[in-house]
1. To make sure I understand the rule: partners must be aspartates and glutamates, Cα under 13 Å from the Cα of LYS129, and not fewer than 8 residues away in the same chain. Which ones qualify?
2. Which one, TRP6, LEU106, ALA54, projects farthest toward the positive side of the charge dipole computed for the chain from Cβ point charges (K/R +1, D/E -1)?
3. Return the calculated 222 nm mean residue ellipticity for the chain, to the nearest 500 deg cm²/dmol, obtained by summing -39500 (n - 2.57) across DSSP H runs with n ≥ 4 and dividing by the residue count.
4. Nearest 5 percent is fine: what portion of the DSSP beta bridges confined to segment 128-280 is antiparallel?
5. Taking N as the number of residues in the chain, what value does Rg over Cα atoms divided by 2.2 N^0.38 Å take?
6. For the Cα atoms of the chain, what angle does the longest principal axis make with the long axis of helix 47-56, in degrees from 0 to 90, nearest 10?
7. Most exposed first by the Cβ proxy, i.e. fewest other Cβ within 10 Å, how do LYS81, LYS182 rank?
8. Among all the lysines, which ones have a C-alpha under 26 Å from LYS185's C-alpha, if same-chain residues fewer than 8 places away are not counted?
Amino acid sequence: MRITVWGARGSVPVSGPEYVRYGGDTTCVEVETAKGDTIILDGGNGIRPLGNKALAGKQRDFHIMLSHAHWDHLLGFPFFKPLYRKDSTLLFTGCTHAQQSVKVFLQKTMRAPFFPVDLQEVAANLVFKEECPEDFDVAGLRVKSLPLSHPNNGYGFIINEGRKKFAFFPDNELAYRHPGGKDFKDYAKFLRGVDVLIHDGEFLPKEYEKCTRGWGHSMFLDAVRLAVEAGVKHLVLWHLNQDRSDEAVDAMLDDARRMAAKAGNGLEVDMGRAGLVIDL
């Protein structure tokens, strides 16, 4: 599988010279399977350039999985151009969240007075599979799910292709258990042996201890500790803070890599950034 990051920013999109290297688009990841299918994880505004790329090529069928219904994971969806083409099919495999079903919360984002085109009026063929067992299939691949520790709930996923495992946990607070979420040890057990893990690592310890505990996001060094304990091979830190400049993100990455090197298990660490491609 090929994993392509289209947006890794958290909360709101940002722009400016201080955000060039890591980008300013919010959460969206493309997974291309060995058979050529496309799985899209989350619909932040990173999904907009992904849609433009798809229309420039021949891709017309898309499998879409949404981790949860917060705005930064949905705000790009109405601007996904395949949504407005009759030859496109969007297949949603989703879990029931606190915000009701995937179909319902997408309808709410695309209705007056918030958006001029109702979801029921788009040209694409929309197929909703509204269930979320612990194991299910998407595009012929086996997927496992586990609840996020995050306000208003949500789910993280492990996508399996052959012997390769990719995990997506974009918003997950490891030092605080939200209702419905799991403990650190539960996430470490679930993620054991994963090849690539995308995991929330938004905050510095001083930020977390001062005012952001309970907001639904992890300290970045906790995410490194999780990856080390779970035996993950490659960690991508996620949900970059909207005020975090390229230089500040670089400093976090340096600290994360030093911690990983000290652990001595060969963990590779990157920061999420638009344009990052990982082949498994």
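Every number in this text was worked out from the coordinates using simple rules, so none of it is lab data. Computed from a prediction, not measured in an experiment: that's the story for all the values here. Because the Cβ atoms are built from the backbone with ideal geometry, glycine has one as well, and the counts that use them run over all protein chains shown.
1. Straight-line reach from LYS129, under 13 Å: ASP137.
2. It is ALA54, whose Cα lies furthest towards the positive end.
3. -6000 deg cm²/dmol
4. Taking every DSSP beta bridge within segment 128-280, about 50 percent pair in antiparallel fashion.
5. 0.94
6. For 47-56 against the chain, the angle is about 50 degrees.
7. The most exposed by this proxy come first: LYS81, LYS182.
8. LYS144, LYS164, LYS165, LYS206, LYS210, LYS233, LYS262
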